[in-house]
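The values are calculated or read from the model by the stated rules, or taken from the named source; none is laboratory data. Everything quoted here is computed from the prediction, not taken from an experiment. Ideal geometry is used to build each Cβ from the backbone, glycine not excepted, and the neighbour counts take in all protein chains shown.
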Amino acid sequence: MFTALELLDLAVQVEINGEKFYRQALGRVENVEIKAMLAWLAEEEARHRQAFETVREQYRKAKRSEAIPMLHEPVLKAAMGRHAFSLDDLRIDSIRNEDELIRSAIVFEEDSIQFFAFISSFVSDKRALSAIEEIRKEESHHIDLLSKMIQRPDRRFSKEWKMDKPVENFWTIRLNSLKETLEGNNFAVYIAENATAARKIVREEIVPKIGARSVSWGGSMTVVETGVYEDMKALPGMEIIDTYEKGVAPADMIERRRHSLLVDLFITGTNAVTEIGQLVNLDMTGNRVAGITFGPRNVIILAGRNKIVPDLEDAMLRIKNFAAPANVMRLDKKTPCLKTSICEDCRGPDRICNTWTITEKSFPKGRIRVVLINEDLGL
Ligand code: SF4
């Protein structure tokens with residue numbers, strides 16, 4: 001027998017299946033129009049998943065988990081008929097060409113709509129119903145776009161959504177392309193729609209998988225802005241080496257930073273990410289770039305989309321002409337760029353630009369996880 005909460009679990013699973021399907025499909029097509037469409041659809045499914053998770057959380061908090069008599073899984077699948085496709089972990093191995101892929105996507109979207117219509121009859125909460133209805137409409141729009149695309153041999157019917165949402169479209173394509181490039185460089189990569197989603201990915205997807213027992217961080221505004229810093233400190237049973245704590249004596253802070261290089265999980269940001277998949281950083285003390293390079297068993301890099309640059313030259317330009325002077329201002333260092341905002345290659349003790357690193361690949365594979373965030377964060 002299902003409860004309303006369990007039906008919402010299934011709704012979340014449908015969206016997870018959808019996102020996975022579209023991301024796997026991305027690797028199987030050459031056509032850039034279809035690629036862009038699939039990347040966008042993957043993001044849409046991720047956004048829907050988050051919406052269902054929010055509804056589920058509201059249900060949990062309200063302690064609403066009324067059981068629905070006679071609704072067992074076989075009954076549910078039977079009621080869905082051929083529309084049970086979306087409830088299963090979708091496999092795309094057997095899909096032979098672009099046409100089949102688009103048709104499978106349409107079937108998936110139809111099944112999702114059918115499923116959401118079905119669960120609507122068991123959900124009484126008005127907010128939940130309106131969220132389900134909104135998602136149903138969006139899935140229906142996906143079907144329209146996919147159907148138009150399949151009718152055009154040149155596959156150019158994704159024009160409509162590009163024109164509707166040009167900025168979203170731009171970043172969807174850019175982030176997905178960077179994800180693929182970074183994965184090719186052995187980084188594990190996640191895309192988050194915003195800071196809240198990034199926080200959730202770290203807390204609910206990455207940390208449980210790693211099984212870390214100790215955590216620390218390298219200087220990063222993004223780690224604080226996303227709320228990841230607060231989340232990590234609240235984790236029960238986790239040894240915390242807090243290198244952000246205020247009022248710690250300098251000698252003690254150096255010791256903490258030394259110890260932070262041996263933790264299970266090291267979390268920080270990056271000064272730049274190039275479009276060929278390099279992480280580029282410049283440090284004052286060196287503890288942040290040291291942790292990224294070697295020591296901690298796992299590293300999470302949180303990177304807002306403002307960190308993306310075309311190449312190494314632009315990365316260095318960005319860092320020396322923007323990130324470093326802005327950090328000097330944030331930290332109130334006594335350097336010439338504090339007043340001029342321009343790097344003057346200073347030599348005093350407050351200089352924050354001492355050690356560069358270019359992380360071309362993650363070694364071993366997957367040790368560094370990069371969360372690309374679809375909004376501007378940090379410096
Ligand atoms: S080298 Fe000195 S002047 Fe240049 S950005 Fe760094 S701190 Fe500022």
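Tabulated data for the structure shown
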item	result
Pro296 assigned by TED's automatic domain parsing to the domain that holds Gly366, surrounded by 15 or more Cβ atoms within 10 Å (Cβ to Cβ), free of Cβ contacts under 8 Å to residues at least 24 places away in the same chain and closer than 28 Å to Ile276 by Cα	no
Residue list for segment 255-282, restricted to those being outside any helix (DSSP H, G or I) and either within 16 Å of the ligand (Cβ to nearest atom) or closer than 15 Å to Ala212 by Cβ (or both)	Val263, Asp264, Leu265, Phe266, Ile267, Thr268, Asn271, Ala272, Val280, Asn281, Leu282
Residue list for segment 322-359, restricted to those being surrounded by fewer than 17 Cβ atoms within 10 Å (Cβ to Cβ), under 19 Å from Gly219 (Cβ atoms) and either near the ligand (Cβ under 9 Å from one of its atoms) or of a type in the set (A, V, I, L, M) (or both)	Ala326, Met329, Leu331, Leu338, Asp350, Asn354, Ile358
Residue within segment 46-55 that is assigned by TED's automatic domain parsing to the domain that holds Ile92, farther than 17 Å from Ala117 by Cα and of a type in the set (A, V, I, L, M) present	yes
Condition check for Arg351: part of a strand (DSSP E or B) and touching a Ser or Thr at 6+ places or on another chain (Cβ under 9 Å)	no
Test set (1) modelled with pLDDT under 95; (2) surrounded by fewer than 17 Cβ atoms within 10 Å (Cβ to Cβ) - Asn374 fails condition number	(2)
Tally, over segment 182-205, of residues that are more than 10 Å from the chain's Cα centre (by Cα) and part of a loop (DSSP other than H, G, I, E, B)	3
So Val309, is it more than 16 Å from the ligand (Cβ to nearest atom), modelled with pLDDT of 95 or more and among the aliphatic types (A, V, I, L, M)	yes
Complete set of residues in segment 236-253 that are without any contact (Cβ under 8 Å) to a residue 24 or more places away in the chain and either of a type in the set (Val, Ile, Thr) or assigned to a loop (DSSP other than H, G, I, E, B) (or both)	Pro236, Glu245, Lys246, Gly247, Val248, Ala249
Gly291 vs. criteria on the phi > 0 side of the Ramachandran plot, modelled with pLDDT of 95 or more and away from the ligand (no atom under 16 Å from the Cβ)	no
Residue check for Val263: more than 28 Å from Asn176 (Cβ to Cβ), touching a strand residue (DSSP E or B) at 6+ places or on another chain (Cβ under 6 Å) and buried (at least 20 other Cβ atoms within 10 Å of the Cβ)	yes
Subset of segment 294-314 [in a helix (DSSP H, G or I) and under 22 Å from the mean Cα position of the chain (by Cα)]	Arg305, Asn306, Lys307
